[in-house]
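Notes follow once the structure below has been shown.
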Amino acid sequence: MKLATIKDGTRDGRLAVVSRDLTRALDAAAVARTLQGAIEDWDRAAPRLADLYAELNAGAARHAVPFAPAQCHAPLPRAYQWVDGSAYVNHVELVRKARGAEMPQSFWTDPLMYQGGSDSFIGPCDDAPFADEAWGIDFEGEVAVITGDVPLGTTADQAGAHIRLFMLVNDWSLRLLIPGELGKGFGFVQSKPATSFSPVAVTADELGAAWRDGRVHLPLVAHLNGALFGKPDAGLDMTFNFAQLIAHVAKTRELEAGSIVGSGTVSNKENGGPGRPASEGGAGYACLAEQRTIETILQGKPVTPFMRFGDRVRIEMLDARGQSIFGAIDQQVTRTA
């Protein structure tokens, strides 16, 4: 099934079920007012939401309304926890290579993760406001899962059972603020502003055969100012799957119901080496930093600029029939007031 949170003037919005083709929506507040509430009571709420979903798809829902992604919050407008991995180690290796940094072998066996800000997220079609283009504004296309309660010490073999929903992510980054923050040896804060998520969150059955081995085997399609920027396959070159990422977090803490775990920027190799830009027939990239990194490796310096005010990015994932699964994250970069 597909679930969304509709803006209603409150911080947490109102839960709705969305039709498989993303054209109709049905208020689900009688089951749970918010998605957080549904996840906390999943065993009771999920079957009732599934009944509404079946009714909606059959055209039998009398109170259905047109689905408007622009009226959506992120599926979880705020969350108890948002942790993001860097599961595509190819991306990490390229970025480090461009700046002449050695790649520790442990990166291939132990996931990199950071704790993001989760007190508020940006709606999927809302503007992304920034104060200064000189900060190096970049998008990052990712996949994420929402978990139920995950006990302390949960293993990778056990973790998959705690996944409730899937979303797409635009994990905004301010690239030129990152070196100064990491140089302090304490992690991201200013360089990682509020994150954006897809209009809907979906259950695993909506992914069909694409969901296997703890990975989503579909291209993540990114357009920048209307031009195809990348379509890397989210199932390829994912060194750590979602079960491994969840288990990594659970090693020393519980994850509360409604925790979000991200994959990190989707990144593919090509013939064992760096991928090619989409404009040259390659799979392209899910962020500007990776294209700039490859330009630095091949040409000695980056050519592609970071995003400017007025630029627009669109991120979505299509099924085998070309239909959007999650709806699109479609946002314009704006200057803060």
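The values are calculated or read from the model by the stated rules, or taken from the named source; none is laboratory data. Quantities reported herein were computed from a predicted structural model and do not represent experimental measurements. Glycine gets a Cβ as well: all are built from the backbone with ideal geometry, and neighbour counts include every protein chain shown. Please note that ligands, DNA and RNA were not included when accessible areas were found on the heavy atoms of the full protein model with its side chains. Shrake-Rupley method; radii C 1.70, N 1.55, O 1.52, S 1.80 Å.
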Legend entry - Options Ala28, Ala61, Ala50, Ala79; residue that is surrounded by 22 or more Cβ atoms within 10 Å (Cβ to Cβ) and without any contact (Cβ under 8 Å) to a residue 60 or more places away in the chain: Ala28
Legend entry - Lone unmet requirement of (1) at pLDDT 95 or above; (2) within 20 Å of Thr195 (Cβ to Cβ); (3) among the hydrophobic types (A, V, I, L, M, F, W, C) for Ala289: (1)
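Here is a check on your reading of the model: is Gln190 surrounded by fewer than 18 Cβ atoms within 10 Å (Cβ to Cβ), in contact with a helix residue (DSSP H, G or I) (Cβ under 9 Å, 6 or more places away or on another chain) and in a helix (DSSP H, G or I)?
no
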Legend entry - The lone exception for Gly153 - which of (1) assigned to a strand (DSSP E or B); (2) within 23 Å of Ser259 (Cβ to Cβ) it fails: (1)
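With open to solvent by 40 Å² or more (accessible area, probe 1.4 Å), closer than 21 Å to Thr304 by Cβ and in contact with a Ser or Thr (Cβ under 9 Å, 6 or more places away or on another chain) as the only criterion, which of Leu177, Leu182 stands out?
Leu177
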Legend entry - Spans of helices (runs of 4 or more DSSP H) in segment 22-112 with at least 2 residues out of contact with any helix residue (DSSP H, G or I) (no Cβ under 9 Å at 6 or more places or on another chain) and among the hydrophobic types (A, V, I, L, M, F, W, C): 42-57
Inset, instruction - Search segment 138-174 for residues being open to solvent by less than 50 Å² (accessible area, probe 1.4 Å) and β-branched (Val, Ile, Thr), and hand back the single one that is farthest from the chain's Cα centre (by Cα). - result: Thr154
Inset, instruction - Pairs only if they're at least six apart or on different chains, beta carbon under 8 angstrom, first in segment 152-172 and at positive phi, second small (Gly, Ala, Ser); list them, first residue then second. - result: Gly153/Ala250
Inset, instruction - Look at Thr296 and say whether it is out of contact with any Gly (no Cβ under 6 Å at 6 or more places or on another chain), under 20 Å from Leu176 (Cβ atoms) and at pLDDT 95 or above. - result: no
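Could you please let me know if Trp135 is open to solvent by 40 Å² or more (accessible area, probe 1.4 Å), farther than 19 Å from Ala257 by Cα and in contact with a Leu (Cβ under 6 Å, 6 or more places away or on another chain)? Lay out the reasoning, then the answer.
Working: open to solvent by 40 Å² or more (accessible area, probe 1.4 Å): yes; farther than 19 Å from Ala257 by Cα: yes; in contact with a Leu (Cβ under 6 Å, 6 or more places away or on another chain): yes.
Yes: the conditions hold for Trp135.
Filter segment 207-233 down to residues that are among the hydrophobic types (A, V, I, L, M, F, W, C) and under 16 Å from Glu280 (Cβ atoms) and give me whichever is surrounded by the fewest Cβ atoms within 10 Å (Cβ to Cβ).
Filtering segment 207-233 for residues that are among the hydrophobic types (A, V, I, L, M, F, W, C) and under 16 Å from Glu280 (Cβ atoms), the one surrounded by the fewest Cβ atoms within 10 Å (Cβ to Cβ) comes out as Ala227.
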Legend entry - In segment 301-337, residue most open to solvent (accessible area, probe 1.4 Å) [restricted to those that are within 17 Å of Val18 (Cβ to Cβ) and of a type in the set (A, V, I, L, M, F, W, C)]: Leu318
Legend entry - Selection within segment 1-14 - without any contact (Cβ under 8 Å) to a residue 24 or more places away in the chain and either in contact with an Asp or Glu (Cβ under 7 Å, 6 or more places away or on another chain) or crowded, with 19+ Cβ neighbours inside 10 Å (or both): Arg14
Legend entry - Residues of segment 82-132 satisfying the condition of being open to solvent by 70 Å² or more (accessible area, probe 1.4 Å) and more than 30 Å from Gly273 (Cβ to Cβ): Gln115, Asp119, Asp127
Legend entry - Matching entry among Ala70, Ala74 (being aliphatic (A, V, I, L, M) and surrounded by fewer than 18 Cβ atoms within 10 Å (Cβ to Cβ)): Ala70
Legend entry - Leading residue by the ranking (surrounded by the fewest Cβ atoms within 10 Å (Cβ to Cβ)) among those in segment 238-287 that are in contact with a Lys or Arg (Cβ under 7 Å, 6 or more places away or on another chain) and assigned to a loop (DSSP other than H, G, I, E, B): Gly282
